[in-house]
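J.: My questions will all concern the structure given below.
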């Protein structure tokens, strides 16, 4: 990091915020995780329901889907409640599609049986990175929901394939930095969300030049940061779940 | 209480659940209170915005309104997200209208100036009594929002009139009981929601016979329980706000 | 009544408006009643349909539901047509839920067979008390619909349990008065809607302090007025249906 | 008429049903007319509002528009409430556009001033011909609304141009017949709605072959019937309004 | 035509614009026709799907329906996308209902089998007469869809009854003219859309007086023009389909 | 390319489909381009309107936005019309947000003046890559719209910054291939959409692992293909616009 660039949070360029994963945060959901990336707090509830969507019926497989929402005052100024406006906005739909695709990569749907697991990611407090926190926490909730299915003997084999985590990276004042909080995110030139497997491979890469454009070498520098963070996030997920590395 | 009737929670007939009011639960809202009535947890965020709805413009007064929502898995089984279904259900609208009317009774709108305070009540976990918890916690969040307006010198006089709280009462197995949790609520013959001022007067009374009907004397027995609970709830509100009784 | 308070209609404090119940007002519905509480006119059409909502199927019972609407110019100034605005407002949903719950108290659903009776209450002209008129007239239409089912031998036993009626009461200029018309309703401090069985027990009690609050003794004075009116409304219902008291 | 064809109502081929126009049917609207074409009953309320739609502002003219609705049980079997379904159907929109265009032909919008008159046509009971009854009765309500504007001295000159009426004609069992009721309408090969000026000229002609097709000579026979009926309808309108022919 | 009236396009009063019917315009639809009436260009795609709407099931017949849309910039100024506004406008619904009824007159639904053919008419460029172009081109696409069903041996008998075409006629500066383009249409006193069978009989006649009214003799003059155009349009349809007259 | 992998279209791994850009495809829009990537055909209409969205007013800048739609039968089987379903789907919103962000990178909004340019991308025929075709063609339409503003002297300086193009890349049977058509797209393991400036820098990178995951080296191989294609697409855009390279 260039000596003259200081992050608003004083973090090092490759430093994650404090990550916390609290399981069993609410008591009804089969998996319920409060994920915190610093001041970003998302409640991820995984719900198991028998049956699959119509277009999957009879195909002998399960389904994983996600929904995303922000409480109206999760942000600096109040934004209108989507239920009151009568529809989910484009940003919401885009994010929940991303979460759903990412979490499906964690599971072998063929081994899930005809169950649907819906992972609701509701943002209690937003400070940048809500979609990457949702994926990272949602995957832990998903594991708990699968364990529930196994404990209740509703499925026989283990459908879990691999842990999935996500992090944002960006170019802030010309420097690639990891895990942007809102003050950085709102000023970053480029914003990249990276979803990774526990093996370090890529599931989703979504990069946007908010201002100007970015080069191949900048992209690579950002991906390097994400790759390193992936290992750390995996550690947090395993620790929360009581899995030895 | 008849000796043969035991509440599922083993509480006495006139016993509230554990009440907790946690202020500053999130950091963006001008007032942010997590209210807990036992396992019922509602996040009440009060947001201050300059201006009033169109039909109040130029009338030299402010406005208080409320919105209510349930996270999809706040309940035993997942209920569809209202934003995804494209509209708020009748129960939601009925509850948020009740909360709004109740909180307006706490404030002299003429002294509020042309500000709107919106109190968002989002149910994190439901175990009966979400509307009464919302009013009780929402009033504390409202006080914090008014204090913010005063601290920021946006209003000169104090628009706060009186504290408002609410509690449910019902007839469970023939016995009037206070502050129903879900196991009681789902079996109660009659359900009464009572909204009260700090002086013990009534703001709203909504009684419904789920099965059969109820008599005037049963109504009075329920109101007696509510009256007593009103004083206790007021104590919790004052203590949370650091007000001496 | 205090000698200095005169009701806009010159009625005594405990005096109902002229009540009229006209059966067979339209010819297609199984029950069709025009109910008039003075200048408030509501057409209550009860429609019988085979089958029950999905969540009741196979439970060997019937269902009663209600829908409520106002013609756009039922009121002093035209209000937008809900069908054109694309949704029913909160007030409409709140009222139709109240009517539905009240009318279900009149019927033993287990004896209704797998039929749904929908009671449409459409306000032709509004002058206060449309929801209480709807319940009072809707119950008569419901009886006609049940008689139709019996006459057509679609059900064997009689599912009718008890007549249900409703009336509003309020505190107008400090005095409890019965059956508020619009000029009173718009100035009342407190408004109470009471739904009663033919035995004088309570089905629904919904009281709202529009300004200030109300005491237990005021509540009792209002309930006394409602109780007395219940007997009169029952007489009107019985007379319309040709039932001897 | 061929001797072997008998209309279900026993009417002659060129015979209208009983036409009734009752003014001041409700008390709030500036014009309120219940129009009856036999068993078809439509309440036509004309509402005057200051102002015009955005696209007409500043053009120094007024606007006439219409809305149409059916009470859910105006018909043989109950049809879903459009407000509850969340939108007006295609048939509804088609009919209200027709009514609006027809009524605009009655008025010189330039002389109306910046007022909007909305004519709500709500079908209380349907037995065929609801759109033609709506136009015929709506025009009388419109005249009353214009008279209100003149009486209140809100406009100076008289914007009324000409009376407008409408009637349906059809080919029933091969014979052209006037003013179809539902039993005829549901079996007619061809259905023609004709909107006419008091001078006998045409405003709208909408003919549909429900089965097969129709010839130019059949069209002319139907138009002959409509022309004759136009004079009769005009008489009814004038009589209701107290105008000497 | 009166010698002093010149059409903006310099066409004779009874002259159609250049008509072009291009089959197989896109490659997925069973019938795909680009129809051009001068500068009006509509893509008509006929899609075959197994099954019929719920209300036709088990009745041993097929169904033909149509949908209509305008690309947002098909017109002089951009109009909002209906999908973004959340509903189809009244004009759209009115037109697609007209197209559907017209095309059903071309087919014996009893011989179609339980198939639904949906004809999508999407306006690429508008210059007046989009609905009549849609019907004329849609009928050719429909024939191709039926031929597909026969070629694939999904139906045995031939459900095609007759070709259907449509044209607009109007009174422009007092003169009846054929096939109005936008400059004429926007100034015409009267606008008549005529849908005809190949035998010259009438399927739909929709005439509207945009200003003033029209007489029976004007109606006849317009129908004469339409009748003549019907033969020409039929020639174009047959030629496109390779049918000898 | 591995010798054993043959693309369905027989193209080389780094070979684009036939690219065609037809300007002035329709006559009303300020910029109107039909873009073809092989059998994928998208009509891109750029519309200029005075004014900017509310949240940009008074900021002395312009705005570029995009809307995307598919004709119902652009695809193998008919998909429901979004206007009829009452809302745009998540995929549609995601794509039009991508197109809008990408095209804004082509323009200096500060120099655009208070004009909004809306680029409507309507898919006439789909065969994979509709979003990348939309961006590539939309940018040409955007240039024409800007030229219109300059020609009409509505803006003084040139707001155009750089040409923007887009292409999809994927891993098909283990081999990185360029510009996927539908048969490849539906079977690809990984799908990457790349939006580039004329200088070869990146605007958007959106990669998704449909099955499994992808490595950093696979990502780089795909980006190499996209980079090369960017130059070719730029040539097509310049040629269409008559710009010498």
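The values are calculated or read from the model by the stated rules, or taken from the named source; none is laboratory data. If you're wondering where the values come from, they're calculated on a predicted model, not measured in any experiment. Here the Cβ positions follow ideal geometry from the backbone for every residue, glycine too, while neighbour counts run over all protein chains shown.
J.: Of the residues F:200, F:207, only one is crowded, with 21+ Cβ neighbours inside 10 Å and either over 18 Å from residue F:184 (Cβ atoms) or in contact with a helix residue (DSSP H, G or I) (Cβ under 7 Å, 6 or more places away or on another chain) (or both); which?
T.: On inspection, the qualifying residue turns out to be F:207.
J.: Filter the stretch C:112-137 down to residues that are buried (at least 23 other Cβ atoms within 10 Å of the Cβ) and on the phi > 0 side of the Ramachandran plot, then give me how many there are.
T.: Summing the residues that are buried (at least 23 other Cβ atoms within 10 Å of the Cβ) and on the phi > 0 side of the Ramachandran plot in the stretch C:112-137 gives 2.
J.: Looking only at the stretch B:47-60, filter to residues that are assigned to a loop (DSSP other than H, G, I, E, B) and in contact with a strand residue (DSSP E or B) (Cβ under 7 Å, 6 or more places away or on another chain); which one of those is farthest from residue B:149 (Cα to Cα)?
T.: B:53
J.: Residues that are under 22 Å from residue E:161 (Cβ atoms) and at the interface with another protein chain (Cβ under 9 Å from one of its Cβ atoms): does the stretch D:165-183 have at least one?
T.: Checked the stretch D:165-183: no residue is under 22 Å from residue E:161 (Cβ atoms) and at the interface with another protein chain (Cβ under 9 Å from one of its Cβ atoms).
J.: Hey, another quick one. Which residues, taken from the stretch F:93-111, are in contact with a helix residue (DSSP H, G or I) (Cβ under 9 Å, 6 or more places away or on another chain), under 25 Å from residue F:199 (Cβ atoms) and surrounded by 22 or more Cβ atoms within 10 Å (Cβ to Cβ)?
T.: F:95, F:98, F:99, F:102, F:103, F:106, F:107
J.: Now, a different point. Residues of the stretch E:38-69 being in contact with a helix residue (DSSP H, G or I) (Cβ under 6 Å, 6 or more places away or on another chain) and farther than 20 Å from residue F:29 by Cβ, which ones?
T.: Across the stretch E:38-69, the qualifying residues are E:44, E:46, E:48, E:61, E:62, E:63, E:64, E:65, E:66, E:67, E:68.
J.: Follow-up question, since we're still on this one. Say we look at the stretch D:70-92 and pick out the residues that are out of contact with any helix residue (DSSP H, G or I) (no Cβ under 7 Å at 6 or more places or on another chain) and surrounded by fewer than 18 Cβ atoms within 10 Å (Cβ to Cβ); which of these is farthest from residue F:87 (Cα to Cα)?
T.: D:76
J.: Also, quick follow-up: Among the residues in the stretch E:25-33, are any within 11 Å of chain F (Cβ to nearest Cβ), closer than 30 Å to residue E:173 by Cα and free of Cβ contacts under 8 Å to residues at least 40 places away in the same chain?
T.: Within the stretch E:25-33 (the criterion being within 11 Å of chain F (Cβ to nearest Cβ), closer than 30 Å to residue E:173 by Cα and free of Cβ contacts under 8 Å to residues at least 40 places away in the same chain), the answer is no, since none of the residues qualifies.
J.: Counting just the residues of the stretch D:85-99 that are more than 7 Å from every other protein chain (Cβ to nearest Cβ) and assigned to a helix (DSSP H, G or I), which one comes out farthest from residue E:99 (Cα to Cα)?
T.: Here the answer is D:85.
J.: Among the residues in the stretch B:132-142, are any part of a loop (DSSP other than H, G, I, E, B) and either more than 18 Å from residue B:49 (Cβ to Cβ) or more than 14 Å from chain A (Cβ to nearest Cβ) (or both)?
T.: Going residue by residue through the stretch B:132-142, those that are part of a loop (DSSP other than H, G, I, E, B) are none.
No.
J.: Is there a residue being under 14 Å from the mean Cα position of the chain (by Cα), at the interface with chain C (Cβ under 8 Å from one of its Cβ atoms) and crowded, with 18+ Cβ neighbours inside 10 Å anywhere in the stretch D:49-69?
T.: yes
J.: Could you please give the count of residues in the stretch E:1-35 that are at pLDDT below 95 and touching a strand residue (DSSP E or B) at 6+ places or on another chain (Cβ under 6 Å)?
T.: Of the residues in the stretch E:1-35, 3 are at pLDDT below 95 and touching a strand residue (DSSP E or B) at 6+ places or on another chain (Cβ under 6 Å).
J.: Shifting gears a bit: Quick test of your reading of the structure: residue D:75 fulfils all but one of (1) in a strand (DSSP E or B); (2) facing chain C (nearest Cβ under 8 Å). Name the failing condition by number.
T.: Single failed check for residue D:75: (1).
J.: Between F:128, F:212, which is touching a residue at least 40 places away in the same chain (Cβ under 8 Å), within 14 Å of another protein chain (Cβ to nearest Cβ), in a loop (DSSP other than H, G, I, E, B) and under 27 Å from residue A:205 (Cα atoms)?
T.: Within the list F:128, F:212, the selection yields F:128.
J.: Looking at (1) within 14 Å of chain C (Cβ to nearest Cβ); (2) surrounded by 15 or more Cβ atoms within 10 Å (Cβ to Cβ); (3) more than 22 Å from residue C:99 (Cα to Cα); (4) touching a residue at least 24 places away in the same chain (Cβ under 8 Å), can you tell me which one residue B:219 breaks?
T.: Tallying (1) within 14 Å of chain C (Cβ to nearest Cβ); (2) surrounded by 15 or more Cβ atoms within 10 Å (Cβ to Cβ); (3) more than 22 Å from residue C:99 (Cα to Cα); (4) touching a residue at least 24 places away in the same chain (Cβ under 8 Å), residue B:219 fails exactly one: (3).
J.: Consider residue C:43 against the criteria (1) more than 14 Å from chain D (Cβ to nearest Cβ); (2) closer than 27 Å to residue C:231 by Cβ; (3) within 21 Å of the chain's Cα centre (by Cα): it satisfies all of them except one. Which criterion is unmet?
T.: (1)
J.: Could you check how many residues of the stretch C:147-196 are in a strand (DSSP E or B), crowded, with 18+ Cβ neighbours inside 10 Å and out of contact with any helix residue (DSSP H, G or I) (no Cβ under 8 Å at 6 or more places or on another chain)?
T.: 0
J.: Which residues, taken from the stretch E:222-245, are free of Cβ contacts under 8 Å to residues at least 60 places away in the same chain, touching a helix residue (DSSP H, G or I) at 6+ places or on another chain (Cβ under 9 Å) and surrounded by 16 or more Cβ atoms within 10 Å (Cβ to Cβ)?
T.: E:223, E:227
J.: Let me ask another. Could you give me the residue pairs with C-beta distances under 9 Å whose first residue belongs to the stretch B:149-161 and is under 22 Å from residue B:201 (Cα atoms), whose second residue is in a strand (DSSP E or B) wherever it lies, and which are 6+ apart or on separate chains?
T.: B:159/B:107; B:160/B:107; B:161/B:107; B:161/B:197
J.: Something else: Residue by residue through the stretch C:28-46, note down the ones that are assigned to a loop (DSSP other than H, G, I, E, B) and closer than 20 Å to residue C:154 by Cβ.
T.: Within the stretch C:28-46, C:28, C:29, C:30 meet the criteria.
J.: Considering the stretch D:15-27 alone, what residues qualify as being over 18 Å from residue D:120 (Cβ atoms), out of contact with any helix residue (DSSP H, G or I) (no Cβ under 7 Å at 6 or more places or on another chain) and part of a loop (DSSP other than H, G, I, E, B)?
T.: Across the stretch D:15-27, the qualifying residues are D:15, D:17, D:18.
J.: Oh, and also: State whether the residues of the stretch B:188-201 include one that is without any contact (Cβ under 8 Å) to a residue 24 or more places away in the chain and either farther than 30 Å from residue B:161 by Cα or away from chain C (no Cβ under 12 Å) (or both).
T.: yes
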